[in-house]
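The values are calculated or read from the model by the stated rules, or taken from the named source; none is laboratory data. In this text the structure is predicted, and so the values were computed from the model without any measurement. Neighbour counts run over all protein chains shown; Cβ positions are idealised from the backbone, glycine included. Note: accessible area is taken over every heavy atom of the protein model, side chains too, but ligands, DNA and RNA are not part of it. Shrake-Rupley method; radii C 1.70, N 1.55, O 1.52, S 1.80 Å.
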Amino acid sequence: MNLPISRRNLLIGIPYTWLMLFFLIPFVIVMSISLSDPVIAIPPYSPVLSTNDGLAGVWNYLTQLDFENFAIVLEDDVYLSSYLNSVQMALTTTLLCLLLGYPIAYAIASSPMHWKTRFIMAINLTFWCSFLIRIYAWIVLLGNQGVVNNILLSLGVIDSPIQMLNTDFAVYLGLVYAYLPLMIFPVYATLEKLDNSVYEASRDLGCSHIESFFRVTLPLSRPGMLAGAFLVFVPVTGEYIVPSLLGNASTPVIGRVLWNEFFSNGDWPLAASISVLLMLVLVLPIVLYQFFSNRNEEK
Amino acid sequence: MNRHLSWFGITSLTLGLAFMYLPILVLVIYSFNDSEMITLWSHPSLRWYEKLFTDGNYWGPAWTTLRISLVSSVLATILGVMISLVVTRMRKFKGRSLFVGMTIAPLVLPEVITGLALLLLFIAMGVERGFMTVIIAHTTFAMCFVSVIVTARMAEFDMSTEEAARDLGCGPVMAFFHATLPAILPAIVAAFLLAFALSLDNLVVTTFTTGPGITTLPMRVFSEIRTGVKPEINALSTMVILLVTCVAITSSLLTKRSAAKRVAAADSPPATSQLASA
């Protein structure tokens, strides 16, 4: 666009400034607080950078930073196991979403044209309903006096209610329920664009339906699966709502630990270092995703 | 792809849709249950709707949420479209890769981190937290979603239309408003709706960035359902579901009319389908 320089600068400058101010600088602050020590004061961390003393003040500030919080997080089993729990939770959820979502996406993509939009619309609709409401529905269903237990009791299948709410089972159910659309949409979008002739060629060359699917369709739909896996994995790793509503405290996850460290214990430096480490945990899948999607593009 | 729908496909589709809809259906049914005990069915009544309307507990937060969502989604749409313009049209300027990185990063960070980071910024700046800080926070993550959707549409846009407008004597800004904007408008509307919905629904970032006196509807609902089942929440959920259904059907009818050819892309949530094709 051939805008005059001043307008061009304005167009770049406004969103740039916004992102610098409300995205980049906050992260610099998180990093620096993660290297500080907790104190009982306002703000509850030390040292605090003050610009009054000029460069000497900055130097003084820098010398007081250390990696003590990271040592605490890495040495304490509670934190380590919550990272592992979170990653395990995210991996399992991603896998379950893929296993459940792929056949659904495939079925939608092979439906007649006017049904496709209706099915996508139907799944879309659940996705747009509030996240909290969708999770709340499972509290209604799974509670000790919930709908499922009531039905089982009245049918005489069980004598006393099964504990389903506040278990890992409930967390996985809630997570898969909440994130399944995020897997279905990208897989569907890829399948929808697939060129049918490759599949037909493999059929002509003597492959069975199932063989053709595994050797042609499945490999070709990898970009969609990757995108879906990514969309599910990242938010689930830091998930707070689902574990707090459907889970129990005996399986701590990192989202909850961070939240509690900040809101209940008021240990800001520790909370900041937990989030820095969480970012590091997430960098790996992001780099992998970039790598795989670049490779897909090159093909 | 155009293939035969197998029995396996029909089965998984049916089971999938049942899985997606049964919990919601149960909520709706039980919202008309008169019993105090959520799970025991006594007889149908509108008791919980009455409670919801007379109980002031939800109206204040609902109004706050609506105001926050409106302002932040408008801001996010404007900023997001600006980002898209910069990303698609300006190939060279200092710090471009940092800029592009910053527009994507909020999409790939868990909300707890974004929320914590923004809260620490507001405290460091000495800003009083409340209405404004929540709006800033919501705008910051929503604008990135907006830019993903709009960028994808603009990348497909044929620049020759705009060039033709320039040749016919339009200035660069006029050419954009007359030639490009109408073409990308459906994407902008979809992006605005997504930004609005994301803001309406947000709990984590809001809790971090809000201040005393500002409670949004998700925050209120969350604190209610933490302790278990609340019949009036069933009624509230039913109303939200009804509202979402109406908006979704209206917008799908509108998109059908305006862009019948882009059926699939318009109906799936744009962010995800675009990410898939990216």
Quiz item: If you plug each phi of the range B:214-226 into the Karplus form 6.51 cos²θ - 1.76 cosθ + 1.60 with θ = phi - 60°, what whole-Hz ³J(HN,Hα) values come out, in order, with x for Gly and Pro?
Solution: 9, 10, 9, 4, x, 5, 5, 4, 4, 5, 6, 7, 4
Quiz item: If you place +1 on the Cβ of every Lys and Arg and -1 on the Cβ of every Asp and Glu, how big does the dipole about the Cα centre of chain B come out, in debye to the nearest 20?
Solution: 680 debye
Quiz item: Between the range B:145-191 and the range A:192-255, how many Å separate their Cα centres?
Solution: 33 Å
Practice problem: Could you work out which residue, out of A:Leu21, A:Leu194, A:Leu175, moves most in a Gaussian network model of chain A, that is, has the largest mean-square fluctuation with Cα springs under 10 Å? | Solution: A:Leu21
Quiz item: To one decimal place, what Kirkwood hydrodynamic radius in Å is obtained for the range B:56-277 from all pairs of distinct Cα atoms?
Solution: 19.1 Å
Practice problem: Among B:Phe122, A:Ala227, B:Phe222, flag the residue with its Cα farthest along the positive direction of the charge dipole of the protein assembly as shown, charges on Cβ as +1 for Lys/Arg and -1 for Asp/Glu. | Solution: A:Ala227
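From the gyration tensor of the Cα coordinates in the range A:76-298, what semi-axes in whole Å does the equivalent ellipsoid have, largest first, with each one equal to sqrt(5λ)? Numbers along the way, then the final one.
Numbers: eigenvalues 250, 134, 42 Å².
Equivalent ellipsoid semi-axes, largest first: 35, 26, 14 Å.
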Self-check item: Members of the range B:141-156 that become less accessible by 20 Å² or more once partner protein chains are added (1.4 angstrom probe, chain alone as reference)
Solution: B:Met143
Practice problem: Determine the equivalent ellipsoid of the range A:17-171 by diagonalising the alpha-carbon gyration tensor, then write out the semi-axes as square roots of 5 times the eigenvalues, largest first, rounded to whole Å. | Solution: 48, 26, 16
Exercise. Name the residues whose placed amide hydrogens come within less than 5 Å of the amide hydrogen of A:Leu165, ignoring near sequence neighbours (fewer than 5 apart) on the same chain.
Key: A:Asn144
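Note the full-extension length gain between B:Thr11 and B:Lys51 as 0.36 nm times their separation in residues minus their Cα-Cα distance, in nm to one decimal. Intermediate results must be reported in sequence, preceding the final value.
Working: separation 40, 0.36 × 40 = 14.40 nm, distance 4.09 nm.
Roughly 10.3 nm would be gained on extension.
Take a quick pass over the protein assembly as shown and tell me how many lysine pairs come in under 14 angstrom between Cα atoms, counting only ones 8 or more apart or on separate chains. If you can, show how the numbers build up before the last one.
Working: A:Lys116/A:Lys193; A:Lys116/B:Lys256; A:Lys116/B:Lys261; B:Lys51/B:Lys230.
The number of close lysine pairs in the protein assembly as shown is 4.
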Exercise. Provide the solvent-accessible area of A:His114, counting protein heavy atoms only and rolling a 1.4 Å probe, rounded to the nearest 10 Å².
Key: 100 Å²
Quiz item: Given labels modelled 7 Å from the Cα in the Cβ direction, how far is it in nm from A:Met20 to A:Leu49?
Solution: 1.4 nm
Self-check item: Residues whose placed amide H lies under 5 Å from that of B:Asn33, excluding near-sequence neighbours
Solution: B:Ser45
Quiz prompt | Accessible surface of the range B:56-277, 1.4 Å probe, proportion on carbon and sulfur as whole % | solution = 68 percent
Practice problem: Would you grab the residues whose amide H sits under 5 Å from the one on A:Asp37? Only those 5+ places off in sequence or on another chain, please, with H modelled 1.01 Å from N. | Solution: A:Ser46
Exercise. Mind pulling the angle between the C-alpha long axis of helix B:231-258 and the longest principal axis of chain B? Nearest 10 degrees, somewhere in 0 to 90.
Key: 30 degrees
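Compare B:Arg166, A:Arg7, B:Arg91 by solvent-accessible area with a 1.4 Å probe and give them largest first, with all protein chains kept in place.
B:Arg91, A:Arg7, B:Arg166
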Quiz item: Pairing the Cα long axis of helix B:7-30 with the longest principal axis of chain B, what angle in degrees results, from 0 to 90 and rounded to the nearest 10?
Solution: 60 degrees
Quiz item: Over all Cα pairs of the protein assembly as shown, how is the pair count split among 10 Å bins, expressed in % and running from 0 up to the last occupied bin?
Solution: 3, 15, 25, 27, 18, 8, 2, 0, 0
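Mind putting a number on the dipole of the range A:101-206 about its Cα centre? Charges go on the C-beta only, +1 for Lys and Arg and -1 for Asp and Glu, and I need it in Debye to the nearest 20. Can you show the working numbers first?
Working: 5 positive and 6 negative charges, 55 e Å.
Using only the charged Cβ atoms, the result is roughly 260 debye.
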Practice problem: Could you calculate the contour length gain from B:Ser97 to B:Leu253, that is, 0.36 nm times the residue separation minus the distance between their Cα atoms, to one decimal place in nm? | Solution: 52.3 nm
Quiz item: Comparing B:Ala142, B:Ala165, B:Ala235, which has the greatest mean-square fluctuation in the GNM of chain B with Cα pairs linked when under 10 Å apart?
Solution: B:Ala165
Practice problem: Between A:Leu258, A:Leu231, A:Leu246, find the one with the highest GNM mean-square fluctuation for chain A; connect C-alpha pairs within less than 10 Å. | Solution: A:Leu231
Quiz item: So if R0 is 45 Å, what FRET efficiency would A:Ile40 and B:Trp41 give, r being the distance between their Cβ atoms, rounded to the nearest 0.05?
Solution: 0.25
